1. Got a number for residues in the range 58-83 being assigned to a loop (DSSP other than H, G, I, E, B) and β-branched (Val, Ile, Thr)?
2. Return yes when Ile6 is surrounded by 11 or more Cβ atoms within 10 Å (Cβ to Cβ), modelled with pLDDT under 85 and under 24 Å from Val136 (Cα atoms) and no when it is not.
3. Which condition number in (1) surrounded by 11 or more Cβ atoms within 10 Å (Cβ to Cβ); (2) modelled with pLDDT of 75 or more; (3) farther than 30 Å from Ala151 by Cα is the one that Ile47 fails?
4. Please go through the range 193-233 and give me each residue that is surrounded by 15 or more Cβ atoms within 10 Å (Cβ to Cβ), touching a residue at least 12 places away in the same chain (Cβ under 8 Å) and of a type outside the set (A, V, I, L, M, F, W, C), ordered by number.
5. Please report, ordered by residue number, the helices (runs of 4 or more DSSP H) entirely within the range 84-179 with at least 1 residues that are in the same structural domain as Arg24 (by TED's automatic domain parsing) and at pLDDT below 90.
6. Can you tell me which residues in the range 191-233 are within 21 Å of Pro175 (Cβ to Cβ) and β-branched (Val, Ile, Thr)?
7. Considering only the range 74-98, how many residues are in contact (Cβ under 8 Å) with a residue 40 or more places away in the chain, β-branched (Val, Ile, Thr) and either in contact with a Leu (Cβ under 8 Å, 6 or more places away or on another chain) or crowded, with 22+ Cβ neighbours inside 10 Å (or both)?
8. Determine if the range 66-73 includes at least one residue that is modelled with pLDDT under 90 and closer than 30 Å to Ala198 by Cβ.
Amino acid sequence: MAEISINTTQNVNINFKIADVGVRMGAYAVDLVMKFCYILFINWAVIDRIGIDEFTWDNWSVMSIYIIFYLPVMFYSIIQESLMEGQSIGKKLFSLKVVKIDGYQASFTDYLIRWVFRLVDVTGTSCLAGGISILVSKIHQRIGDIAAGTAVINLKNNINISHTILEEIAQDYVPLYPNVVRFSDNDMRIIKETYLNARKNNDYITLQKLVNKIEEVSGIKREGNDISFISRVIRDYNYYTGEG
């Protein structure tokens, strides 16, 4: 399955799977249901109540009212993706997100381009053009994605213990640094991701910087070399917070 690498603010690369056609169709179906429910609600709560179909309303007035109340349906995807940072209700339920293919957060302009090309991908061809494009594209992009330089990723990655703050700890483990409790779960997750990435690339400069940062924030004084020290800090955190 195709993947895309996202560079986090901590300069750690995380690979995400590209969403396949089936999952994207599921998210699209949910969004369609949401639009349909909105239309039913507007018809019941507004249209029927004010009786716009009565003879007292001229055609232009009727058309104007329909346009005003149905604008949220027309702009559904761009509004939600802009406000929810690349997600709609359907995408959120299926753990999907729109991102730039270079790994950065998509902008409003990117969402706008994707929305405009829905006329080709979805509306104008009954999803045929978009579906074919997703199937033949290496990273499952519809035409709008290609134009905007975006892709839809699946946030449900298969994450193993090395991607989290969890560490296997023996029952007789004896911690050394009680001050590790000054860190939050997010701090420790960043520390571990940076540590693993630096070890993988033999980046000893980053390891040294990480050690300095740990000492600065926690007040802990290092014992041993950089690798053993950071590894011990991670295990101690798991011990004291019950994450092990």
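1. Step one: of the range 58-83, the residues assigned to a loop (DSSP other than H, G, I, E, B) are 58, 75.
Going one step further and asking which of them are β-branched (Val, Ile, Thr), we end up with none.
Here the count works out to 0.
2. Considered against the rule, which asks whether it is surrounded by 11 or more Cβ atoms within 10 Å (Cβ to Cβ), modelled with pLDDT under 85 and under 24 Å from Val136 (Cα atoms), Ile6 comes out as yes.
3. (2)
4. Selection gives Glu193, Thr194, Tyr195, Asn197, Arg199, Thr206, Ser218, Asp226, Ser231, Arg232.
5. Working: elements: 89-93, 108-116, 128-136, 143-148.
Here the list reads 128-136.
6. Ile191, Val211, Ile214, Val217, Ile220, Ile227, Ile230, Val233
7. Final tally of qualifying residues: 1.
8. No, because not a single residue in the range 66-73 is modelled with pLDDT under 90 and closer than 30 Å to Ala198 by Cβ.
The values are calculated or read from the model by the stated rules, or taken from the named source; none is laboratory data. No experiment lies behind these values; they were computed from the predicted model shown. Neighbour counts are summed over all protein chains in view; Cβ atoms, including those assigned to glycine, are modelled from backbone coordinates with ideal geometry.
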